[in-house]
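The values are calculated or read from the model by the stated rules, or taken from the named source; none is laboratory data. This structure is a prediction, so every number in the text was calculated from the model and none was measured. Cβ atoms come from the backbone with ideal geometry, glycine included; neighbour counts cover every protein chain shown. When the accessible area is computed, the model is the full protein with side chains, heavy atoms only, and any ligands, DNA or RNA have been set aside. Shrake-Rupley method; radii C 1.70, N 1.55, O 1.52, S 1.80 Å.
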Amino acid sequence: MMEGGVPMDPVDRDQSRGRGSRVFTILFLVVAALVVLGAVTLFQRRTQYQALAKETETLAIPTVAVMHASIESAEEDLVLPGTMQAYVESPIYARTNGYLKKWYHDIGSRVRQGDLLVDIDTPEVDQQLSQARADLNTAQANANLSKITASRYQELIKTDGVSKQEVDNAVGDMEAKLATVKSAEANVRRLEELESFKHIYAPFSGVVTRRSVDTGTLINAGNGGTSQQLFFLAQTDPIRVYISVPETYAASIRAGLGAYLELTQFPGQRFQGKVVRTAESIELGTRTLLTEVDVPNHTSTLLPGGYAQVHLQVKVTGARLVVPVNALLFRSEGLRAIVVDANHKTHLRPLTIGRDYGTTLEVLQGLDASDWIVLNPADSLDEGQEVHVKEIALNSAPGVSKQATAAPGAKKQ
């Protein structure tokens with residue numbers, strides 16, 4: 001081979017071929033590296049896409065907090081909330097017009113039946129009574145004169161000194177005057193009764209809980225508004241408490257049944273009483289039986305209007321479940337709870353509710369102790385939906401036991 005018309009040396013020809021082979025090898029390695037790098041990148045992206053798809057699929061399944069319903073004590077008293085009321089309470093009104101002259105008892109005063117509460121100055125009634133008495137005296141005088149005249153005429157007719165008509169007129173006038181006397185007497189008695197109302201007495205023994213007037217206040221007869229109320233009197237011994245007993249336990253409530261009150265301001269202290277009467281009828285709106293419990297209150301420790309927990313000594317037996325109120329779902333078809341089965345599928349259970357404890361509710365029907373109940377269920381949860389579960393450990397209330405079993409595949413926290 002010649003190069004520039006000069007024959008190429010065989011050694012140079014071999015070197016030229018070696019350089020070409022090295023360039024080709026380098027290019028091949030570069031291409032191979034690019035191919036491998038591209039394959040690795042594609043594999044990584046595919047792995048990321050698969051992981052993202054799997055994560056998206058996992059996140060599409062909601063995670064719910066679950067718990068077991070608590071089991072109430074197998075035997076306990078029936079405990080219901082109630083408000084204490086005075087055994088007898090009455091507003092005191094005036095029955096005559098005038099001005100308040102003096103009051104003798106303020107709020108908190110304990111009075112006995114017949115104690116004087118108020119004196120009212122009634123000048124108009126006093127003058128009306130004086131006028132009525134004067135009219136009565138006039139009527140009595142006229143009646144006496146008519147009676148004398150009638151007697152004389154009845155004697156004169158025997159001698160034909162007067163006519164029969166004159167005798168009849170005299171007798172009729174006497175009877176009319178006697179009727180006028182009776183009318184005047186009735187008017188005097190009415191005004192005397194009205195004037196007696198200037199002194200207002202306690203109708204029963206109790207405590208004055210309210211005083212609405214002061215000296216000089218204008219008093220109008222009757223109960224024409226709260227401003228006309230003079231006093232409010234309450235008899236607090238015994239104290240009475242009205243409670244609403246659920247229909248489920250109504251058959252066990254009867255007069256004479258033992259009961260006692262517990263108050264938060266007197267921890268550990270019981271105020272014994274008993275059931276005195278029931279309404280003997282279930283209230284349609286609440287499906288409860290109105291029941292009255294009377295408790296002796298000789299020391300006036302119990303105050304009307306206070307809150308109390310009423311323990312009825314009716315032994316409630318059988319297993320009853322308690323769930324927190326945030327485990328309930330309010331649907332148009334009624335109250336529901338969502339439970340999760342072993343396959344992590346949701347199911348909506350209709351519930352029958354018993355007693356309301358405020359933060360928890362007694363469930364009579366619809367749940368089992370082994371059911372896992374969803375806390376704070378979302379409205380979007382529906383029947384047969386797959387969920388992930390996470391167990392919530394809740395502290396048991398006093399007298400309530402907690403299930404120790406764990407949900408399949410549940411996480412604890």
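Here the Karplus curve 6.51 cos²θ - 1.76 cosθ + 1.60, taken at θ = phi - 60°, turns the phi angles of the range 170-183 into couplings of 5, 5, x, 5, 5, 5, 5, 5, 5, 5, 5, 4, 4, 5 Hz, with x standing for Gly and Pro. Relative to the Cα centre, the charge distribution of the range 112-217, modelled as +1 at Lys and Arg Cβ and -1 at Asp and Glu Cβ, gives a dipole magnitude of about 260 debye. In the range 132-273, the C-alpha radius of gyration followed by the widest Cα-Cα span (Dmax) gives 32.2, 100 angstrom. Basic side chains Lys and Arg get +1 at the Cβ, acidic Asp and Glu get -1 at the Cβ, and with that the dipole of the range 62-171 about its Cα centre reaches some 860 debye.
Sequence-ordered 3J(HN,Hα) estimates for the range 90-95 from the Karplus curve with 6.51, -1.76 and 1.60 and θ = phi - 60° stand at 8, x, 9, 10, 8, 10 Hz, glycine and proline given as x.
Once amide H atoms are built 1.01 Å from N in the peptide plane, which residues 5 or more positions from Arg355, or in another chain, come under 5 Å H to H? Those lying under 5 Å, H to H, from Arg355 are Glu362.
Taking 0.36 nm per residue of separation and subtracting the current Cα-Cα distance, fully stretching the chain between Arg46 and Gln127 would add 18.0 nm. Annotation for the range 191-293: trypsin sites (Lys or Arg not before Pro) lying in DSSP loop with at most 14 further Cβ atoms inside 10 Å of their Cβ are Arg254, Arg270, Arg287. Rolling a 1.4 Å probe over the protein heavy atoms gives the range 223-290 an accessible area of 55 Å² per residue.
Which shape class applies to the range 200-280: rounded if a/c is under 1.5, otherwise prolate when a/b exceeds b/c and oblate if not, where a ≥ b ≥ c are the square roots of the Cα gyration tensor eigenvalues? Prolate is the answer for the range 200-280, as a/c is 1.5 or above and a/b outweighs b/c. For the range 232-334, the carbon plus sulfur part of the accessible surface works out to 53%, probe radius 1.4 Å. Residues in the range 110-157 average 64 Å² of solvent-accessible surface per residue, probe 1.4 Å, ligands and nucleic acids excluded. Near Val88, the amide H atoms lying under 5 Å from its own belong to Gln235; only residues 5 or more places off or on other chains count, and H is placed 1.01 Å from N.
Taking Cα centre as origin and charging only the Cβ of basic (Lys, Arg, +1) and acidic (Asp, Glu, -1) residues, the dipole magnitude of the range 230-324 rounds to 260 debye.
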